[in-house]
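Heads up: the structure comes next, in structure tokens.
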Amino acid sequence: MHYPENKGLEEILERAGACLENGLPFVIYRKPKQQELFAVFQLNDELKSSRDFTEKGFVFAPFNSEDKVVLIQPDEVWQGELHPEKSQKTNTITLDESGKDTHIQLIKNGIKEIEKGRLQKVVLSRKIEMSITKSPVKIFKTLLNTYPNAFGYLFHHPKVGTWCGATPETLVKVKDKKLQTMSLAATLPYIQNEDPKWGNKEIEEQQMVSEYIGDKLAHTMERLEIDEAESVRAGNLWHLRSEVRGTMLPNLNVKEVIRALHPTPAVCGIPSEEAQRFIKANENYKRTFYTGFLGELNLRSRGELSLFVNLRCMQLEDGKAFIFVGGGITEASDPESEWMETQNKSKTMLGIL
């Protein structure tokens with residue numbers, strides 16, 4: 001195990017800025033509800049990948065499971081304390097209506113496909129482009145202060161690009177063969193002092209995801225428990241979530257579990273292969289690392305990993321930010337409200353910029 005070196009927050013952020021300038025791979029991240037900030041630095045610009053999740057470092061994986069999983073090699077690991085500052089009240093965000101017709105058409109096509117009986121659910125998304133003047137490090141700092149309950153990260157590899165995000169969703173955690181994951185679906189806007197009022201569409205969508213995860217994991221587990229769904233708040237949104245826990249079979253390779261879980265129904269659909277095909281053919285852009293996953297791999301001890309789904313994220317490139325938003329489409333979906341859901345979701349990242 002690498003024992004991380006203790007550093008000051010400013011020193012960590014400065015080093016990240018230098019790596020961005022010199023084209024060296026690194027990632028800085030903070031786990032949900034924690035004060036520690038970790039940074040993993042690779043001292044050359046080689047593009048490394050993880051084959052079977054037995055390597056050590058930080059992984060950054062694309063949505064498409066056939067593509068390579070990028071690995072940042074832990075040549076140096078730093079750790080610092082983060083004391084959240086009060087996040088400034090963000091200005092009212094003006095939402096852009098461009099792309100509405102295209103997105104609504106995409107959703108209608110998704111619903112048609114579901115009605116044909118090929119799919120139960122498909123997650124459809126779009127990409128928003130913004131000009132920015134803030135540096136990636138500044139954006140990251142704002143992000144950490146604004147979303148303390150999310151997994152916040154800033155990732156850079158000169159051969160892959162720069163990404164940052166604040167994701168509310170765990171893909172999987174494993175330690176001593178004990179596994180934790182979650183089934184997350186459905187979205188409603190957060191309204192002060194009001195509990196979310198879930199309709200049948202949301203409750204069924206979340207149940208569908210729980211059952212799907214249960215089926216996928218069944219052959220890899222000695223035992224598996226799935227909790228009742230509860231409402232959880234993520235920034236200005238509500239979701240329905242069930243905690244999932246289990247004990248892995250003794251001789252099981254972690255790769256099997258990751259393969260069973262990724263891509264989850266929360267980012268892809270049910271059944272997974274059909275949904276992936278539909279997404280590839282119909283979404284008019286390549287997701288690359290949006291809805292992929294990322295996190296620590298065997299960094300503290302062998303067989304220990306902590307992976308998150310890459311949601312609520314953006315790609316930063318030459319003075320531009322690309323933000324990705326999507327939603328789960330089922331037979332009961334209404335295209336107009338699905339469009340509104342992506343607009344509400346876009347505020348999470350637009351507010352940071």
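Between Lys68 and Ala18, the distance separating the two model label sites (each 7 Å from Cα on the Cα→Cβ line) works out to 2.7 nm. Quote the FRET efficiency, to the nearest 0.05, computed for Glu228 versus Tyr3 with a Förster distance R0 of 51 Å and r equal to the Cβ-Cβ distance. Approximately 0.80, to the nearest 0.05. GNM remark for the chain: springs join alpha carbons under 10 Å apart, and the peak mean-square fluctuation among Ile132, Ile72, Ile279 falls on Ile132. In region 103-238, the portion of solvent-accessible area held by carbon and sulfur atoms comes to 46 percent [1.4 Å probe, whole percent, DNA, RNA and ligands not counted]. Under the simplified labelling scheme, the Arg277-Ser49 pair shows an inter-label distance of 2.4 nm, with each label point 7 Å from Cα along Cα→Cβ. Its Cα gyration tensor gives region 1-43 an equivalent ellipsoid, and the semi-axes of that ellipsoid, as √(5λ) in whole Å with the largest first, are 18, 12, 10. On a per residue basis, region 164-276 carries 46 Å² of accessible surface, using protein heavy atoms and a 1.4 Å probe.
Among the GluC sites (Glu not before Pro) found in region 34-90, those both in a DSSP coil and sparsely packed, with 15 or fewer other Cβ atoms within 10 Å of their Cβ, are Glu46, Glu66, Glu85. Measuring spread by the Cα atoms of region 1-145 yields a radius of gyration and Dmax of 20.1, 57 Å.
The slack in the chain from Gln192 to Arg259, taken as 0.36 nm per residue of separation less the alpha-carbon distance, amounts to 20.2 nm. Across the cross-link table entries Lys121/Lys345; Lys141/Lys345; Lys177/Lys255; Lys100/Lys127; Lys7/Lys347; Lys56/Lys173, which are compared at the Cα atoms, the separations over 22 Å belong to Lys7/Lys347.
Annotation for region 276-341: chymotrypsin sites (Phe, Trp or Tyr not before Pro) lying in DSSP loop with at most 13 further Cβ atoms inside 10 Å of their Cβ are Tyr285.
Using a simple spin-label model with pseudo-atoms 7 Å out from Cα toward Cβ, Lys116 and Glu336 lie 2.7 nm apart. Within the set (i) 59, 48, 37; (ii) 147, 42, 39; (iii) 54, 52, 41, the number that Cα extents along the principal axes in Å takes when calculated for this structure is listed as (iii). Estimated purely from DSSP H runs of n ≥ 4, each contributing -39500 (n - 2.57), the mean residue ellipticity at 222 nm for the chain is -8500 deg cm²/dmol once divided by its residues.
Assuming charge only on the beta carbon of Lys and Arg (+1) and of Asp and Glu (-1), the dipole of the chain about its Cα centre is about 300 debye to the nearest 20.
The values are calculated or read from the model by the stated rules, or taken from the named source; none is laboratory data. On a predicted model such as this, the values are computed, not experimentally measured, just so you know. Cβ sites come from the backbone with ideal geometry, for glycine too, and all protein chains shown count toward neighbours. Accessible surface areas use protein heavy atoms only, side chains included; no ligands, DNA or RNA. Shrake-Rupley method; radii C 1.70, N 1.55, O 1.52, S 1.80 Å.
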